[in-house]
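This report concerns only the one structure given below.
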Amino acid sequence: MCLGIPGLIVEISDADRKLAVVDVSGVRREVNVAPIIEDDAMEDLVGVWTLVHVGFAMSRIDEEEAAKTLEVLRMFGEAQEEIDAMMASEAMLAGDTPEAAE
């Protein structure tokens, strides 16, 4: 199943490439925000809630919708699976793998 998970844009990491850091339940991940820029400056996206899917911010949502969506996803166990996958991906990128410890 494909799902979008709510995340809060916390910083702009590369304005030229339209990349921002999104916080999803404490896990931070760089995503492409091109689909949601509209007429805003990149800096105006900091503090915006968005639905994130496969590395892209797909749509803007408000904080209430984000909270409700996360709650429903947690009820179905979907959010934790997605968060775990994001954490595993970040660990791999940082070199925190069993092979790196050897």
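Return the residues of the stretch 16-32 that are β-branched (Val, Ile, Thr) and at pLDDT 95 or above; say none if nothing qualifies.
Residues of the stretch 16-32 β-branched (Val, Ile, Thr): 21-22, 24, 27, 31.
Passing the criteria: VAL21, VAL22, VAL31.
Using beta carbons and a limit of 8 Å, which pairs, at least six apart or on different chains, have the first residue in the stretch 73-85 and farther than 11 Å from LEU3 by Cα and the second one modelled with pLDDT under 75 and surrounded by 12 or more Cβ atoms within 10 Å (Cβ to Cβ)?
Close Cβ pairs (under 8 Å, with a partner that is modelled with pLDDT under 75 and surrounded by 12 or more Cβ atoms within 10 Å (Cβ to Cβ)) amount to ARG74/GLN80.
Does GLU43 satisfy the condition of being touching a Pro at 6+ places or on another chain (Cβ under 8 Å) and farther than 22 Å from LEU93 by Cβ? Steps first, please.
On the way: touching a Pro at 6+ places or on another chain (Cβ under 8 Å): no; farther than 22 Å from LEU93 by Cβ: yes.
Taking the combined requirement at face value, the residue does not satisfy it.
Starting from the stretch 12-24, keep only residues that are closer than 13 Å to ALA41 by Cα, then list their pairs with residues that are surrounded by 17 or more Cβ atoms within 10 Å (Cβ to Cβ) and among the acidic types (Asp, Glu) whose Cβ atoms are within a distance under 7 Å, requiring at least 6 positions of separation or different chains.
Pairs found: none.
Go through the stretch 79-102 and count every residue that is within 18 Å of ARG28 (Cα to Cα) and either at pLDDT 80 or above or acidic (Asp, Glu) (or both).
Number satisfying all stated conditions: 5.
Could you list all residues from the stretch 33-77 that are at pLDDT below 90, part of a helix (DSSP H, G or I) and loosely packed, with under 15 Cβ neighbours inside 10 Å?
GLU71, VAL72, ARG74, MET75
The values are calculated or read from the model by the stated rules, or taken from the named source; none is laboratory data. Being a predicted model, the structure only gives us computed values, none of them experimental. Every residue, glycine among them, receives a Cβ derived from its backbone with ideal geometry; neighbour counts consider all protein chains shown.
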